[in-house]
Structures are given as C-alpha cells and as structure tokens.
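The values are calculated or read from the model by the stated rules, or taken from the named source; none is laboratory data. Predicted model, so just to flag it, every value in this text is computed and none were measured. All Cβ positions, even for glycine, are placed from backbone atoms using ideal geometry, and neighbour counts span all protein chains on display. These area figures cover heavy atoms from the full protein model, side chains too; ligands, DNA and RNA do not enter into them. Shrake-Rupley method; radii C 1.70, N 1.55, O 1.52, S 1.80 Å.
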Amino acid sequence: MSAGSEPGGDVRLGLLEPPAMLAVALEAYFAFDASGRVLAWNPAAETTFGYTRAQACDRSIEELIVPADARAGSRAELAALARGESGYALGRRVHWVAAHADGHTFPIEMTLAATDEAGGRVFHAFAHDITTAQRASRFTAVESAVARGLAEAESSAVAAARVVEALGVKMGWPVAELWLADDDRQLLSCAARHVGPGRRLRDFALNQLEPGVGLPGRVYADGRALWIPDLRADTGSIRSRAAARIGLRVAVGVPLCTGRHMLGALCVYGDRAEDPEDTLLALLNGLAAQVGQYVLRRRAEELAIELAHTKDEFLAMVTHELRNPLSVITGTAALLDDELDDLTREEQRQYLQILLRNAERLSIMADDLLDLARLESGHLAITPAPTDLTAIIEQAVEAAAATVEDKQLTVTVDLPERLELYADGHRLRQVADNLIGNAIKYTPAGGAITITAGADGAAQMITWTVADTGIGIPASERPRLFRRFYRASTAVDRRIPGTGLGLVITRAIIERHHGTISLADDQGPGTTFVVRLPIKPA
Ligand code: ADP
C-alpha cells in the first residue's frame, strides 16, 4: 500500500492500491482515513454497495453506505477512531445495517482493522451481505409464530392474517399476501395482506384475480413457485407494473397445496431486485405446506357443517320434488280408474300425458341423484370419442321443441355445419339438455333463447353459449350457483320447480372434459352460460 503527500505541505493520504488478492475476493473490502474519506474499494464492494470504485473513492464513507437515520452514530464512531480509540467496531466482528446505492438497506457483517501509514491512520473494512443468513434464522421465528398463530386462530380469516403478518413483520417484506381459490376454482381472493408502514398500494391492491393472472394467479395455475427477480423488467404483467410503480422490486410466490389439492398462493414482495435463492424458496414452500394443511383441515370442518345443512336441504327437496309428481300421478291414476268409461278418448289421452310427464320428471330426478352419487364417489364415467357438437345441440333443441312452442319462445341457433371435438357425446347431450332446459324453464312466455357455438382453431377450444332473456340470477348469488341443491332466489320466489342438481352435474361433466363453465358478466336481463371445451383430448 502506498501513502502520499499533497502539494502544499498538508499530509494527505493518497488512494490505496490494494493487493491483487483483494480484487478477486468475495468479501467487500474498502479503506478510509480518519475523516471517513474512501481510499480503496474492491470489486466485491462495488457489487455489495452498488457504487463503482471511481464513484466511491474520495467520497465520504458515511454518505455512501450509512443510512440517513444512523449517521449520528457513525459520526461519533469515526471521531472515536480518529482519536485513536477502538470505538465500537475496531478489531471486532460487528453486524449493522448498510445502505445501497439504489436506496434499499440491508444487513452486513463487518470487521475493521487499522494501520498507521505515513499520512495518518487508515481503516480497513471487510464486509459481506448477511440478508440470506439472517433470513434463515428469522424464518425459524416465523415458522413458530405461524404454527402458534394457526393453532390459536378462531377462524380462517384470523389465521390468514397471522401468516402474512409474521412474514411481513418478522421477515421485513413490505408486502405479503395469502390468496385462496374459491370453491369453483374460477377466482382467487386475497384472504389476507400485510402492508409495511408508510406504504400506499394504490392500484396494486387488487382483491380478486383469475387463475393465470398476476403472480398469485400464475403460481396457482402452474402449481409451481415463481420468482420475479426484477418487477420493473416484467413489463408484460399489469400487476408487476403496478408493483414497480410503488417501489416494489422483487416478488416471490409459492403454491399453497397439499398433495393433489391446489388451494391458493403465498406471495411476498420486496423492495430490491434479487435473484432466486433456494433457501428462501424452500422456507416459503415449507410454510405454504403448513398453511395448506391448516386450510384443508378447516375446509373439512366447514364441509361437515355444510353437509349437515345439505342433508336438511336434501330432505326438503326430496319431500317437495318427489311428492309433487307422485301425488299428481296417484291423483290422475285414481281419476282414470274411477271415470275411465265416462271420459272421451281425447280426455283419456290428456290424462295419460299428465301421467307420462310426471313419471318423466321423477325419472330425470332419479338419474340426477344417481349421477350426483357417482360424482361424489368419483365414478362419473366419461367415454370420449370423435363427436359433433352441432348435431348434439340440434338434437337437444329439437327434443325441446314442444315446450318451446307451448311457451311461445323464440329460439335462435347459430352453429357451424359441423363442430368436431373429442368428447363423450352422451354426456354432452346431458349438458345441452340441462342448459337449454333451464333457459326454457327460467324464461317467461314470449322470451328469447340464443344458442351459439364455434371453434377457435388457434386455441384449440370450442366456445358454446346459451343465453336467455329470462328471470336472471342476482350477481350476489352467482358464486353459489354450482353448489348442490342451490337454487337462486329468482327461481324460488317464482315457485319454479327444480332440484338444484343439474348445474352441479353439468359442471362436473365439463370439467371431466377439461373444460370450464361460467356465467357471462353482463348484468342485462336474463342469463348467459358460457362453456369452453378443448377440441382435442388433454
Ligand atoms: P334446477 O333448475 O333443477 O333448480 P340447476 O342446477 O339446473 O337446478 O340450476 C340451479 C339454479 O340455477 C336454478 O334453481 C336457478 O335458480 C338457477 N338457474 C339455472 N339456469 C338458469 C337460467 N337460465 N336462468 C335463471 N336461473 C337459472
């Protein structure tokens, strides 16, 4: 090392030329004089603190790497060192928080040594970033806080809040979120969010996302952890852009799953760009597994309560839906028996038709109940083969022609000549019968029904819609629509008969084909169901 003197008489230390070994060391090395002026700065110091050698040398060490709120302390320390005292740091291994050129702060471990040179004392610092090591030890605290939080939580909402709080507060992530999928697996909702002090989320604060959208949606849809090292570079995602606008830089998401159940995603956001790091991923995955087990256990408990409720609904439904057609059948049969000889042939035919119609209603109900039982035991069989959806829809429309005419409904069908896909034709006919049957049943006389279907060759998907101008389904009830025995208030209020089973079975059939069914968003009069089916087998 060399020390020089400035022209003009004052002895001033020149910049140091550290040994070559320090140029390749992983440890950040920097030297400064008693006034805090930087004299040496190796390449590891450049990466650790974000300043090049040229930017750092000759500047005050305090300005460069000491966070504003710690400068009073560092000044006192430097003064002690200048007086020849050991201060807090000299000859010790110390931990403190450093500031990076981009503004974020991070923990470092540092040792400080001094040498006496011709121009005065020189202090030599060796430091390294200990974010990772600190995270691992803090994580143990997070895990026990989460375990305690889950054990004591009186509800899922409280449990979710404790998880994100532990991650946010103990790990220092400015934003931590827990997302859970709804029953239909169509939507993810933010069950809890921790936001660090003084941070405003603005348009980043979404509470619902579709699978595949945003970090939680992507993690949930792919079932894999995802690390976005620099949110500013992830310009394709609207949510990443919103995160970057509020100063968030890195995002990490892990799936919340237990074995084959995908439940949601756990996501944390930090304020400095950071490359994927295995330890953190492993820790987050472990935490997600713990939370996943809890959510599953809680859902099982909630399901047990719902099942007890369902049993009551089932009894009510069976009593009502079975009794009605049965009493019509017994009444009509008794009438026929008493008065057969007095009735004209036309009247006899009318009574027979009443018998047939009600027997059919019972038989449909028996089929639905059987399908439901198969569905619940996982035995709803699908036998796919090359199938023409146009033919299936046309047959279903034709079968409903008499009812359509009775109710004076207008049915418009817009289908290509053929619509080939690989599917179970018998089951798709069941879907068509249910959707068209519902459209007819829930549309008052004089209304209109529109059925369209078409293929998107590029996506290899078929989109099939069944729209009506009928009684509609209130937006607030839509999330419950695909539950067993669920009937919308619009149907119940008008006393339109039904069991609340058709849509459950319909959705199960479509999902077995790897497709989806949903309600179109528009709040206009009536209802539109949208079915999407893959053309080729998965
Ligand atoms: P069901 O029609 O036998 O009650 P579904 O499972 O087919 O059973 O439908 C469940 C509920 O969804 C119905 O009770 C009704 O409230 C609502 N629904 C289904 N289709 C329509 C529709 N096209 N228009 C209005 N409401 C509908």
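Some observations on this one:
- When R418 is tested against (1) open to solvent by 70 Å² or more (accessible area, probe 1.4 Å); (2) out of contact with any helix residue (DSSP H, G or I) (no Cβ under 6 Å at 6 or more places or on another chain); (3) away from the ligand (no atom under 16 Å from the Cβ), just one condition goes unmet, and that condition is (2).
- Residues considered: R484, R480. Of these, the only one that is under 20 Å from R185 (Cβ atoms), within 13 Å of the ligand (Cβ to nearest atom) and touching a helix residue (DSSP H, G or I) at 6+ places or on another chain (Cβ under 6 Å) is R484.
- Hey, E321 out of contact with any Asp or Glu (no Cβ under 9 Å at 6 or more places or on another chain) and at pLDDT 90 or above or not: no
- Given (1) loosely packed, with under 15 Cβ neighbours inside 10 Å; (2) part of a helix (DSSP H, G or I); (3) under 19 Å from the mean Cα position of the chain (by Cα), index of the condition D183 fails: (2)
- Checking G446 against (1) at negative phi; (2) more than 7 Å from the ligand (Cβ to nearest atom); (3) over 27 Å from the mean Cα position of the chain (by Cα), the condition it does not meet: (1)
- Long-range neighbours under 9 Å by Cβ, at least six apart or interchain, first residue in contact (Cβ under 8 Å) with a residue 24 or more places away in the chain and assigned by TED's automatic domain parsing to the domain that holds L178 within region 139-159, second among the acidic types (D, E) and surrounded by fewer than 16 Cβ atoms within 10 Å (Cβ to Cβ): S156/E302; A159/E152
- Unmet requirement for D129, which otherwise passes all of (1) farther than 19 Å from N42 by Cα; (2) surrounded by 15 or more Cβ atoms within 10 Å (Cβ to Cβ): (1)
- Odd one out for S489 among (1) more than 10 Å from the ligand (Cβ to nearest atom); (2) at negative phi: (1)
- Residue check for A432: assigned to a strand (DSSP E or B), more than 9 Å from the ligand (Cβ to nearest atom), at pLDDT 95 or above and hydrophobic (A, V, I, L, M, F, W, C): no
- Pairs where the first residue, in region 481-507, is of a type in the set (K, R) and the second is more than 7 Å from the ligand (Cβ to nearest atom) and not in a helix (DSSP H, G or I), C-beta under 6 Å, 6+ apart: R507/F482; R507/I517
- Residue match in region 399-413 (condition: assigned to a helix (DSSP H, G or I), surrounded by 11 or more Cβ atoms within 10 Å (Cβ to Cβ) and not small (G, A, S)): yes
- Breaking point among (1) over 30 Å from P211 (Cβ atoms); (2) surrounded by 18 or more Cβ atoms within 10 Å (Cβ to Cβ), for P174: (1)
- For region 472-492, filtered to residues that are modelled with pLDDT of 90 or more and assigned to a helix (DSSP H, G or I), the residue that is surrounded by the fewest Cβ atoms within 10 Å (Cβ to Cβ) is S489.
- Test for K441: is it out of contact with any strand residue (DSSP E or B) (no Cβ under 7 Å at 6 or more places or on another chain), in the same structural domain as T527 (by TED's automatic domain parsing) and either aromatic (F, W, Y) or within 12 Å of the ligand (Cβ to nearest atom) (or both): yes
- Within region 493-532, the set of residues being of a type outside the set (D, E), part of a helix (DSSP H, G or I) and away from the ligand (no atom under 12 Å from the Cβ) comprises I509, I510, R512.
- Yes/no for A458 being away from the ligand (no atom under 12 Å from the Cβ), open to solvent by 40 Å² or more (accessible area, probe 1.4 Å), in a loop (DSSP other than H, G, I, E, B) and touching a Lys or Arg at 6+ places or on another chain (Cβ under 6 Å): no
- Residue in region 450-463 that is within 18 Å of I505 (Cβ to Cβ), in contact (Cβ under 8 Å) with a residue 12 or more places away in the chain and in contact with a Gly (Cβ under 8 Å, 6 or more places away or on another chain) present: no
- Condition check for S240: of a type in the set (S, T, Y) and over 13 Å from the mean Cα position of the chain (by Cα): yes
- Any hit, region 300-310, residues being open to solvent by less than 40 Å² (accessible area, probe 1.4 Å), over 25 Å from S240 (Cβ atoms) and either in contact (Cβ under 8 Å) with a residue 12 or more places away in the chain or not assigned by TED's automatic domain parsing to the domain that holds L215 (or both): yes
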